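**Q** Have a look at the structure that comes next, please.
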Amino acid sequence: MNKQNSFYEFGQNFLGPICSEYFFNIRTYCSQNNIDYLGFLAREGYLFQRIYKRLVAKSLMERLDSNYIYASRSFLFRLGMANDFSLEYSLSHSFSGSLKSLLIRRFGLTEREVEGLFNDEALKREWELPDQKERVKSFLLDASDALTKKTHEPLQLYKEYLQSTGLTDAKKPLLLDVGYSGTIQKLLTSMMEIDTHGMYFIATKSGEQIIQSNTVTMNGVFKSGVKMGEGYLMLDRSLFLEGLLTAPQGQFIDIHKSKTDGSFKFTFARKAYAQNNFQDLNAIFDGAIDFVEFAFKNNIRYSTSETEMLFAQYATKRNMLPSATWAMFDVDDAISGNPNVNPVTFFGL
Amino acid sequence: MAQYRFELQTKRRTSKAFKQATREGLFNLEWYEAHYGNFSHPLRAFEDYLHKSKFANVNPSALFDTETYLRANTDIYHAGISPLIHFMNHGRYEGRMSSAAVSRWNPVDELVPEESLSWRQQKVAICLHIFYSDFVDKFAECLKKFPINIDVFVAVSTAEIADKANRQFSQLGTVNKLKVVVTPNRGRNFGPMLVEFGKELLEYDLMCHLHSKKSLYSGREQTQWFDYLNQYLLKDKHTVKSILRLFAKNPDFGMYYPTSFWMMPSWVNHWTCNKAFANDFVEGWGIDISQDFVNYPVGGMFWARPDALLPLLSQSFTYEDFPEEPLPNDGSWLHALERSVGLLSEKQGYKQFFYYPPAGRFTSDKSQIFAQYHKHPEALFNELNTVEIVSFDIFDTVLRRAFTEPDYAKLKLGKLLTEKGVFESPETFLAARNDAELSLRKLKSFKGDVSITEVYDALANELNWTATDKCMYLELEFELDLEMIKPKDEMVNIVNRLSDAGRDVWFITDIYYTHEQVERMLRKIGINIPFKLLVSSDLGMRKDAGTMWRYVKDAIDVLGKSHIHVGDSVRSDAQICGDFGLSNMHILHPKDKWQAAGYPVVLTNPLDESQILKWGSLISNCGRYPFFGE
């Protein structure tokens, strides 16, 4: 009953204030820091790019060079399988299972690729992460020749792709993502050897960090310096945001180049419910985008505590979420190796 | 087990019902114990259900919903029959409505009573007001089983009851000190407690106040409401121990009572017409009564930490401070006091906590007062579709304003007129516009109603406008409002579907707009069915004055059809409508739903455009569907 309007108004209320504040902060940050490029990181970047385009079209934000950038932790982890720096990140999330399972689920390799890299005995061996991180890391680095061979071509291709997005030409690129620890920003910084800025809803650590020889600057709009499980609701229940802030495609997992016209071709993992019902998600996004435009036109600002309060009602009460939206929150939790997670049930609402 | 076998053989009728209910899964011991605690044997659990289900909305299993059955079959409720027994023996063969257990409200937290040494050490006063003699026996039975020793303060209406209370209570091993006072019939239950015992109660760690209560809202003599409150305040040993444990463990808990009696109207936690009587408390205690719904012990029975009520209990009262009987059913200083005690405890820095019987949980979730506002649109349609005539209020019932604030169109017009130099500021226009309306109402001695045409005639006279300007400004006010009118989509769908299903649809509104203007608004929101429209300014009758309801009642009586009215105003659409014997269903106004969702008060100034723009659309969206469960 009235599903589309229900989605639209839910998008206004749930995503509207949080996104408008995010963009007010981006606008200020860009002008204060001479940002010359905006990189909308997949998948949250899909909505952010749409909001940005609307604001620019309505002359509510300055037009900068910008692009939607296909990136995912899974893909970047794969490119860095033989890289000490990258493994530090890719092996730090909890995991329990065989090497084969780890390589397929976390690094996005196919079964055929995995079997070509390691013998059966090695593949069957069980590991616990992050407890055995150092041992797994040495194990993979011992096989770095074979792994580098495997990742060399996609790595070069991906770098070429990133160059084509304008990211590497920018003097001060700002990467836009929901959060939280900036893994993708750090991996891209390391890979492309550029300085980057990042703007997040929440940053586990804000400020400047030196990544190898480059500088990563991270900013949290609503909160900085908090970690998952420490009681900050917007982070602890960020699955509600991650579930919705997605693109029409599943997770980005691979890149190829067309042999006919030289264009980049992207491969995506399975779609979650929201992606299979993208017309519904679009209605939610339309509500959010219209709300941000309205907020910008009327200079409507929400304090952080107001934004947190608005988020908290939805993230703690099942009845606040229209029943038609419940399935939209399904998150593809590939990194942990778990099947899809839905925060509505996960948090026992 | 021996006792279980023995009782199975000796309680043959109960035993037979128990076996049948268990066999059919209608009674599920595991489910029942998971919700309501452990029992010495299965038959005891079943008996517990049979007893409580006459007055409490506890369920025997996931397959049967006590509340649904008793709400749909009020004859069973009034007869005091356990619903499951009736369903098994008769109801299902008679085609009576029943359902599986329904989750109407889920508390966001659960307070778990923990064992400690301190809960038994608390100094407890039980303060009773007994108007009916038979309640001495009921209270004595509860006090006898009280888990710790207590002091008892009793106010009674006659010397006979005083003798009886003295005789019975003094024999109880749990009662240390006993004080019985005969009091005049003034101040209902609060008067005697405050006049006779107020300051003494301050010497205790905890107090529990109950009184003999027989009548329900309808005036029908029933004890279910009292039984419900008594069960979860004083009678149930497990609950009482839990209350004492929770108070002992949480020094910031100031007041406890079970969630509002489930058979009360859904709006029972509304201030209704009592805010005007609460000025003393606002000024004296500094409580905030800006919200329309309030957490309070409906029925005036509660546990409290006396310190949480210090400003009330320490005040010196005489019986002359309380209004004389007969008191109105609603709308008095005492009704306002009842609604204020929870707020007072919060003002004193304490929290309130509650027991929700269906879930068997203690909670501090204050949204319990909206537990009855959970209904899926399909269920709402089905409920209304059983009636021949369904009348709807219009504003905030089937349509809403994009920014919620009803005066925003006037403010916008004020801005336009200010730009044209007609007024100094939007605020001065708004004041002049509303003053003109008020003056007209005074002129009519608040009888009948005022139309927008009359308002602008008066303004034009006062300000020497030309006829053309007057018409243009009037039309502008309407058009600015019309532009911001949006459908309450689910409600509009239901209205149209009801008409398609052959129901007569009426709209009844108290508004200054003309009949034609209101029709345009209905057309704009997608009402395209035959309907009867009753507009107050057109008919000179209003819902809030009752005159409209007299008219509607007469019209419906002539037609001889069944009828229900749906609206968002507790006073106009529910309480006063009900006073005329008309069935009604209250739905949440967008601002009420905003409060029910847990949001703070945000739209406080109708002249503050930045506030209207910031919060108005969020509230309007939140309140589009007037229940939870969309």
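The values are calculated or read from the model by the stated rules, or taken from the named source; none is laboratory data. Quick caveat: nothing in here was measured; it's all calculated off a predicted structure. Note that we place each Cβ from the backbone using ideal geometry, even for glycine, and neighbour counts take in every protein chain shown. Keep in mind that these areas ignore ligands, DNA and RNA; they rest on the heavy atoms of the full protein, side chains included. Shrake-Rupley method; radii C 1.70, N 1.55, O 1.52, S 1.80 Å.
**Q** How large is the helix-only mean residue ellipticity at 222 nm for chain B, computed as the sum of -39500 (n - 2.57) over DSSP H runs with n ≥ 4, divided by its residue count, in deg cm²/dmol to the nearest 500?
**A** Numbers: 27 runs with 262 residues, N = 630.
Per the formula, -12000 deg cm²/dmol.
**Q** In addition: Could you work out the Rg to Rh ratio of the protein assembly as shown, with Rh taken as the Kirkwood radius (inverse of the mean 1/r over all Cα pairs)? It would help to have the intermediate numbers written out before the result.
**A** Working: Rg = 33.2 Å, Rh = 32.6 Å.
Expressed as Rg/Rh, it is 1.02.
**Q** Give the average over all directions of the projected area of the C-alpha convex hull of chain A, one decimal, in nm². Each step should come with its number before you reach the end.
**A** Details: hull surface 72.4 nm².
Mean projected area for chain A: 18.1 nm², to one decimal.
**Q** A further question follows. In Å and whole numbers, how far do the C-alpha atoms of segment B:139-255 stretch along each principal axis, longest first?
**A** Over segment B:139-255, Cα extents along the principal axes are 38, 33, 26 Å.
**Q** Angle, helix A:45-57 long axis vs. longest principal axis of chain A, Cα atoms, 0 to 90°, nearest 10?
**A** Tilt relative to chain A: about 40 degrees.
**Q** Going by amide H atoms built from the backbone, whose H comes under 5 Å of the H on A:Ile253, apart from near neighbours?
**A** Close amide H contacts, sequence-distant or interchain: A:Thr267, A:Phe268, A:Ala269.
**Q** Sorted by accessible area with a 1.4 angstrom probe, largest first, how do A:Arg63, B:Arg542 fall? Walk me through the numbers before you get to the answer.
**A** Numbers: A:Arg63 180, B:Arg542 40 Å².
Reading off the accessible areas and sorting them downward yields A:Arg63, B:Arg542.
**Q** If you take every residue apart from B:Lys144 with its C-beta less than 14 Å away from the C-beta of B:Lys144, what net charge results, scoring Lys and Arg +1 and Asp and Glu -1?
**A** On the way: positive: B:Lys138, B:Lys145, B:Arg167, B:Lys235, B:Lys237; negative: B:Asp137, B:Glu141, B:Asp236.
Result for the local shell: +2.
**Q** Enumerate the amide H contacts of B:Arg400 below 5 Å, restricted to partners 5 or more residues apart or on another chain; note that Pro and chain-start residues carry no placed amide H.
**A** B:Lys486, B:Lys488
**Q** I would also like to ask the following. Can you spot the lysines whose alpha carbon is less than 16 Å from B:Lys52's alpha carbon? Ignore those fewer than 8 places along the same chain.
**A** Cross-link targets: B:Lys138, B:Lys235, B:Lys237.
**Q** Over segment B:97-202, what is the relative contact order in percent, taking alpha-carbon pairs closer than 8 angstrom and at least six residues apart?
**A** Once normalised by length, the contact order is 26 percent.
**Q** Report the Rg/Rh value for segment B:503-630, based on alpha-carbon coordinates and the Kirkwood definition of Rh.
**A** Working: Rg = 16.4 Å, Rh = 16.4 Å.
For segment B:503-630, the value is 1.00.
**Q** Any chance you could list the semi-axes, whole Å, largest first, of the equivalent ellipsoid that the Cα gyration tensor gives for segment B:224-309, using √(5λ)? Walk me through the numbers on the way to the answer.
**A** On the way: eigenvalues 127, 71, 17 Å².
Ellipsoid half-lengths, sorted descending, are 25, 19, 9 Å.
**Q** Can you give the accessible area per residue of the protein assembly as shown, in Å², using a 1.4 Å probe? Intermediate results must be reported in sequence, preceding the final value.
**A** Details: 39270 Å² over 979 residues.
Each residue of the protein assembly as shown exposes 40 Å² on average to a 1.4 Å probe.
**Q** To continue, here is another question. Rounded to the nearest whole Å³, what is the per residue volume of the convex hull around the Cα atoms of segment A:1-89?
**A** Details: hull volume 13.2 nm³, N = 89.
Considering the Cα atoms of segment A:1-89, their hull volume per residue is 148 Å³.
**Q** If you don't mind, there's one more thing I want to ask. Considering only protein heavy atoms, with the full assembly of protein chains and a 1.4 angstrom probe, order A:Phe266, B:Phe27, B:Phe87 by accessible area, largest first.
**A** Numbers: A:Phe266 55, B:Phe27 5, B:Phe87 25 Å².
Largest accessible area first, the list is A:Phe266, B:Phe87, B:Phe27.
**Q** Same structure again: Could you tell me which of the pairs B:Lys241/B:Lys351; B:Lys420/B:Lys591; A:Lys150/A:Lys271; B:Lys177/B:Lys347; A:Lys58/B:Lys614 are separated by over 22 angstrom between their Cα atoms in the structure shown?
**A** Values: B:Lys241/B:Lys351 19 Å; B:Lys420/B:Lys591 34 Å; A:Lys150/A:Lys271 26 Å; B:Lys177/B:Lys347 31 Å; A:Lys58/B:Lys614 20 Å.
Distance filter (> 22 Å) returns B:Lys420/B:Lys591; A:Lys150/A:Lys271; B:Lys177/B:Lys347.
**Q** At a 1.4 Å probe, which residues in segment B:596-615 are at least 30 Å² less accessible with all protein chains present than in their chain isolated?
**A** Residues of segment B:596-615 that lose at least 30 Å² of accessible area once the other chains are added: B:Ala597, B:Tyr599, B:Leu613, B:Lys614, B:Trp615.
**Q** Ignoring ligands, DNA and RNA and using a 1.4 Å probe, state the total buried accessible area between B and A in Å², rounded to the nearest 100. Present the calculation step by step, with values, prior to reporting the outcome.
**A** Values: alone 26110 and 15430 Å², together 39270 Å².
Buried surface at the B/A interface: approximately 2300 Å².
**Q** Using only Cα atoms, tell me the angle between helix B:333-347 and the longest principal axis of chain B; keep it within 0 to 90° and round to the nearest 10.
**A** In chain B, helix B:333-347 runs at an angle near 80 degrees to the longest axis.
**Q** Still on this structure, I have one more. What are the ³J(HN,Hα) couplings of segment B:297-312, residue after residue, when phi is run through the Karplus curve with 6.51, -1.76, 1.60 and θ = phi - 60°? Round to Hz, x for glycine and proline.
**A** My calculation for segment B:297-312 gives x, 5, x, x, 10, 6, 9, 8, 7, x, 4, 5, 10, 3, x, 7 Hz in order.
**Q** Just the number, please: Stokes-Einstein D of segment B:434-592 in µm²/s, Kirkwood Rh from C-alpha pairs, 10 °C, 1.306 mPa s.
**A** 92 µm²/s
**Q** Angle between the Cα long axis of helix B:547-559 and the longest principal axis of chain B, 0 to 90 degrees, nearest 10?
**A** Tilt relative to chain B: about 80 degrees.
**Q** Apply the Karplus curve 6.51 cos²θ - 1.76 cosθ + 1.60, θ = phi - 60°, to the phi angles in segment A:5-21 and return the couplings in whole Hz, x for Gly and Pro.
**A** With coefficients 6.51, -1.76 and 1.60, one gets 5, 4, 4, 4, 6, 5, x, 4, 6, 7, 9, x, x, 5, 6, 5, 5 Hz.
**Q** Now for a different question. Of all accessible surface on the protein assembly as shown at a 1.4 Å probe, what whole percent is carbon and sulfur?
**A** On the way: 18620 of 39270 Å².
Here it works out to 47 percent.
**Q** Quote the convex hull volume per residue of segment B:271-421, based on C-alpha atoms, as a whole number of Å³.
**A** Numbers: hull volume 35.6 nm³, N = 151.
So the per-residue hull volume is 236 Å³.
**Q** If amide hydrogens are placed 1.01 Å from N in the peptide plane, which non-local residues have theirs closer than 5 Å to the one on B:Glu630?
**A** Under 5 Å from the amide H of B:Glu630: A:Ser323.
**Q** Only counting protein heavy atoms at a 1.4 Å probe, give the residues of segment A:5-50, ordered by number, whose accessible area falls by 50 Å² or more when the other protein chains are present relative to the chain alone.
**A** For segment A:5-50, once contacts with the other chains are taken into account, A:Glu9, A:Asn13 lose 50 Å² or more.
**Q** Kindly provide log₁₀ I(q)/I(0) values, in the same order as q = 0.05, 0.07, 0.11 Å⁻¹, from the Debye equation applied to equal alpha-carbon scatterers of chain B.
**A** Each listed q corresponds, in turn, to -0.27, -0.52, -1.17.
**Q** Output ³J(HN,Hα) for segment B:102-112: one whole-Hz value per residue in order, computed from phi by the Karplus curve 6.51 cos²θ - 1.76 cosθ + 1.60 with θ = phi - 60°, and x for Gly and Pro.
**A** Values, residue by residue: 10, 8, 8, 7, 10, x, 6, 9, 10, 8, 9 Hz.
**Q** Explain nothing, just the number: relative contact order of segment B:6-73, from Cα pairs under 8 Å at least 6 residues apart, as a whole percent.
**A** Details: 56 pairs, mean separation 19.6, N = 68.
The value is 29 percent.
**Q** Only Cα pairs under 8 Å and at least 6 apart count here; give the relative contact order of segment B:144-256 as a rounded whole percent.
**A** Values: 101 pairs, mean separation 26.0, N = 113.
Worked out over segment B:144-256, it gives 23 percent.
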